[in-house]
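The values are calculated or read from the model by the stated rules, or taken from the named source; none is laboratory data. Keep in mind it's a predicted model, so treat the numbers as computed, not measured. Here the Cβ positions follow ideal geometry from the backbone for every residue, glycine too, while neighbour counts run over all protein chains shown. The protein model used for the area step is the full one, side chains on, heavy atoms only, and it has no ligands, DNA or RNA in it. Shrake-Rupley method; radii C 1.70, N 1.55, O 1.52, S 1.80 Å.
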Amino acid sequence: MRDLQKMENPGLYIHIPFCRRKCTYCAFYSVASFDRNKEDAYLQALAAEAAWFSSHYFQGRRVSLGSLYIGGGTPSLLPVGFYARLLERLAEVFDISSCREVTFEANPEHLEPDYLRDLWKYTPVRRLSIGIQSFRDEDLQKLNRCHTGQEAEKAIENARRAGFSNLSADLIYGLWGEEGAAPWAENLARLASLDLPHFSAYALSLEPKTVLWRRVEQGKAKMASDEEIEREYRYLQAFAKEHGFLHYEISNLAKPGFEAIHNSNYWRNVPYIGLGASAHSYIGDERSWNTGRLGDYLQDAVGTKEREILDEADHYHEYVMTALRTIQGVEKARLAGFREDLQREFRQRVAVEISVGNIVETEMSYVMAEDRRLLTDLVAEHFF
Ligand code: SF4
């Protein structure tokens, strides 16, 4: 096991696996019904799991966290009191005051003034990531979202009034077939008018067993073609330049200084602790993940955990795969820390990628060529 004393402060992710209903495309682990009776049991299970992490990895030392991210599911479905109580319990084993960023995922329909006021007052949350997906009501209905475009704009206004300025929105593209350019341009224009410092843009993907997947199987829905996705991604790249966004990761864009700390740390291989049903963790040489069955997690939050030990080749692959998604790319200094045979393997492979124009070499690193960024995952696989 790597020396945990010398590690950067880990990030903490808390998964809230409840949603009001399931969006057509969603494969995240969440239960599409919300039973208030489970709230307290879930809180106890999260606290028990946190205590286990503290004793198992850190000898009961109160670890200073680098960042905290509460995601889901739909965290904003639960009352603020739940988070106030949960964070009080977690503060027994983690130092949360050391967090440089505390993010809370929320759906627009929950961001009423009272909720936001309490969130600001009773929790350390200062950054909101809002699941907008589209400002167009016809898209939102198609995706089975619970809000309207107008509610999304109102949510941002409410958040600002409550004091939140570090705001992010999630948007989805690849929804419109041939007419894609116009609706995508409309969504980005509405986003620009809100002047957010950060947003994430994801191409709609087909995940097995989702409602969308069944519709496509039955011929009732069609996914966007590669050409359409590429056209919309190019539009996104141009939009980012025009509006001063740094496209710092394949799906993430920020005004300077607003890059997401928690997510960036995933890409930098900083350790993280994941609490909750289906959450993943990465500490030292160990990766672990929890059961996705809520009932099992509630019964025994720790006993159902699965673990694997990562060797140096795993760390190398993980690093290359995630680093290529970012504008920093694979840094030569980091590469030099890996075994000589892995470095040699990298040099051979990267030479091929450079020759076909997929990767560009700079003084400090290897980065995806701007016009090939959509191929990042494919290119990363060549390094395995
Ligand atoms: S609200 Fe989010 S987590 Fe819940 S079903 Fe929709 S996309 Fe999935």
Tell me which residues come under 5 Å, amide H to amide H, from VAL63 once H is placed; ignore anything under 5 positions away on its chain. ASP95
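Considering only DSSP beta bridges whose two residues both sit in the chain, what percent are antiparallel, to the nearest 5? Provide the component values of the computation, followed by the final result.
Values: 20 of 51 bridges.
Of all bridge pairs located within the chain, approximately 40 percent are antiparallel.
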Surface accessible to a 1.4 Å probe, per residue, for the residues of the chain, Å²: 45
Taking LYS209 as the anchor, which lysines have their alpha carbon closer than 18 Å to its alpha carbon, excluding any fewer than eight residues away along the same chain? LYS22, LYS142, LYS220, LYS222
Candidate lysines for bridging to LYS255, where Cα separation is under 28 Å - those fewer than 8 sequence places away on the same chain excluded: LYS121, LYS154, LYS241, LYS332
Could you give each residue of the stretch 158-175 its phi-based ³J(HN,Hα) in whole Hz, using Karplus coefficients 6.51, -1.76, 1.60 with θ = phi - 60°, and x for Gly or Pro? 4, 4, 5, 4, 7, x, 7, 10, 8, 10, 10, 10, 9, 10, 10, 10, x, 10
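Could you please state how large a percent of the accessible area of the stretch 330-384 is carbon and sulfur, counting protein chains only and using a 1.4 Å probe?
On the way: 1750 of 3240 Å².
Result for the stretch 330-384: 54 percent of the exposed heavy-atom area is carbon or sulfur.
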Please give the calculated 222 nm ellipticity per residue for the chain, where each DSSP H segment of at least 4 residues contributes -39500 (n - 2.57) and the sum is spread over every residue; nearest 500 deg cm²/dmol? -12000 deg cm²/dmol
Please compute the net charge surrounding GLU217, taking Lys and Arg as +1 and Asp and Glu as -1 over other residues with Cβ under 15 Å from its Cβ. +4
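Fully extended, how many nm does the chain gain between GLN343 and LEU378 (0.36 nm per residue separation, minus their Cα-Cα distance)? Please report the intermediate quantities before stating the final value.
Details: separation 35, 0.36 × 35 = 12.60 nm, distance 2.01 nm.
Stretched out fully, the GLN343 to LEU378 stretch lengthens by 10.6 nm.
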Label GLU88 and GLU138 with points 7 Å out from Cα along Cα→Cβ: what is the distance between them in nm? 5.0
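Expected output is a single nm value to one decimal: the length gained when fully extending between VAL302 and ALA185, i.e. 0.36 nm times separation in residues minus the C-alpha distance. What is it?
On the way: separation 117, 0.36 × 117 = 42.12 nm, distance 4.63 nm.
Once the chain is fully extended between VAL302 and ALA185, it gains 37.5 nm.
Keeping the other protein chains in place, figure out the carbon and sulfur percent of the accessible area of the stretch 4-267, with a 1.4 Å probe. Present the calculation step by step, with values, prior to reporting the outcome.
Working: 5700 of 11450 Å².
Solvent-exposed carbon and sulfur of the stretch 4-267 make up 50 percent of the total.
What is the extension gain from ASP114 to LEU310, computed as 0.36 nm multiplied by their sequence separation minus the C-alpha to C-alpha distance, in nm to one decimal?
Numbers: separation 196, 0.36 × 196 = 70.56 nm, distance 4.54 nm.
Once the chain is fully extended between ASP114 and LEU310, it gains 66.0 nm.
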